[in-house]
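See below for the structure under consideration.
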Amino acid sequence: RLKCALRGFDFRVILALLIGVPLVMLMIYAHGQKVTYFLRPIWESPPEPFKIIPHYYNENVTMENLCKLHGWKVRETPRRVFDAVLFSNELDILELRWNELSPYVSEFVLLESNSTFTGVIKPLYFKENRDRFRFAESRLTYGTYGGRFMKGENPFVEESFQRVALDQLIRIARIEDDDILIMSDVDEIPSGHTINLLRWCDDTPKILHLQLRNYLYSFEFFLDDKSWRASIHRYVSGKTRYAHFRQTDELLADSGWHCSFCFRHISDFAFKMKAYSHVDRIRFKYFLNPERIQDVICRGADLFDMLPEEYTFQEIIAKLGNIPSTFSAVHLPSYLLQNVDRYRYLLPGNCRRESG
């Protein structure tokens, strides 16, 4: 009976199915996220384009003329500026940021939690290294936030709680109406001349997003100029809320730098991969292997082995592969270039990292 039942079957087909089906399932398991991202143009439409405002700057042009070039009027006195950030462990980047903005900021506001967004306990890194930022101490409003440690919860929930707490800390810092409030992550660094322009000019937009040059791992790997989440607000009591999403359609061109995963130590890369809101991208434990992380950094590849997050097939295909190196170190934060021996790992040609 068995022979009769199998008489019409091609054993080669059966063998192919026995081998092929598990292989296909394994490929989907290992690379399913890549397939999803590649098909993104089918299931998600791109957001409405920003209205990009041209950005004029030269150190030899007066502030009156710079304001005029933007269609604004110069003020008699500059507005006060408040720079507010959530802090995790980015000590070097924070030092670059605060030194870049120090001549123009009236008050630095920093909130630090003893919990990552993923509910893992962490040291208070800023508190332990506060002496490193003595130059800002007289203008610093510092606060801590006790984590909720809700394991398994969506990390964006914990992130939103911390942003609400930062909103309260900003009010404690005594911000007033029409003061400028910078809303951006630590590694989204507005250029000093951008902030100086916006504090000196009248008739600027109430809310303005900043177009930042997007770098990965260091200033060697320039990705694109599509970083837009940093924003500038002319504060309105009872209305302005600290957020990290799109809040207006106006975008000021070429306004600074976004240096993502720009760490000195390999251990810091692994920490952030496990700590930030996209922890679900760690699909396999070997992603956290120090040798793999070092290799990815020097190749300009993706830490999570993902495809580019774009909305058209043309843009996805154009960004496939590693990010090419750039050897230009022109128009980078001045404190970085003035202290190159301390921050050499952030410059082109220095991809090797300390273990930490």
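A few points about this structure:
- Calculated diffusion of region 248-300, Stokes-Einstein form, Kirkwood radius summed over Cα pairs, 4 °C and 1.567 mPa s, µm²/s: 99 µm²/s
- Projecting the Cα atoms of Ser113, His278, Ala173 onto the charge dipole of the chain, computed from C-beta unit charges around the Cα centre, puts His278 farthest toward the positive end.
- For the chain, built as a Gaussian network whose Cα springs stay under 10 Å, the top-fluctuating residue of Arg80, Arg283, Arg97: Arg283
- In region 148-285, the alpha-carbon atoms span a convex hull of 148 Å³ per residue.
- Region 248-356: relative contact order as a whole-number percent, Cα under 8 Å and 6+ apart: 32 percent
- With 29 Å as the limit on Cα-Cα distance, the pairs of Lys226/Lys274; Lys127/Lys226; Lys73/Lys239; Lys122/Lys226 that go past it are Lys127/Lys226; Lys122/Lys226.
- Rounded to 5, the percent of DSSP beta bridges in the chain classed as antiparallel: 40 percent
- About the Cα centre, charge dipole magnitude for region 140-272 (Lys/Arg +1, Asp/Glu -1 at Cβ), debye: 420 debye
- Whether region 237-342 is rounded, prolate or oblate, judged on the alpha carbon gyration tensor where a/c under 1.5 counts as rounded: rounded
- Most fluctuating residue given options Lys274, Lys239, Lys68, as computed from a GNM of the chain linking Cα atoms under 10 Å: Lys239
- If a spin label sat at a point 7 angstrom from the Cα of Met63 along the line to its beta carbon, the backbone N atoms of region 174-200 nearer than 18 Å would be those of 178-182, 191-200.
- For Lys122, distant residues with modelled amide H under 5 Å away: Ser115, Thr116
- MRE, 222 nm, helices only [DSSP H, n ≥ 4, -39500 (n - 2.57), over the chain, to nearest 500]: -9500 deg cm²/dmol
- A dipole drawn for the chain from +1 and -1 charges on Cβ atoms has a positive end, and of His193, Phe219, Met306 the residue lying farthest that way is Met306.
- With contacts taken as Cα pairs under 8 Å and at least 6 residues apart, the chain reaches a relative contact order of 20 percent.
- Hull volume in cubic angstrom per residue (convex hull over the Cα atoms of the chain): 185 Å³
- Helix axis angle, 155-172 relative to the chain longest principal axis, alpha carbon, degrees: 0 degrees
- Acute angle (nearest 10 degrees) that the helix 11-38 long axis makes with the longest principal axis of the chain, alpha-carbon atoms: 0 degrees
- Rounded to the nearest 10 degrees, the angle from helix 290-299 to the longest Cα principal axis of the chain is 70 degrees.
Read the figures in this text as sums done on the coordinates, not as results from a lab. Since this is a predicted model, take the numbers as computed values, not measurements. With ideal geometry, Cβ positions are generated from the backbone for all residues, glycine too; neighbour counts draw on all protein chains shown.
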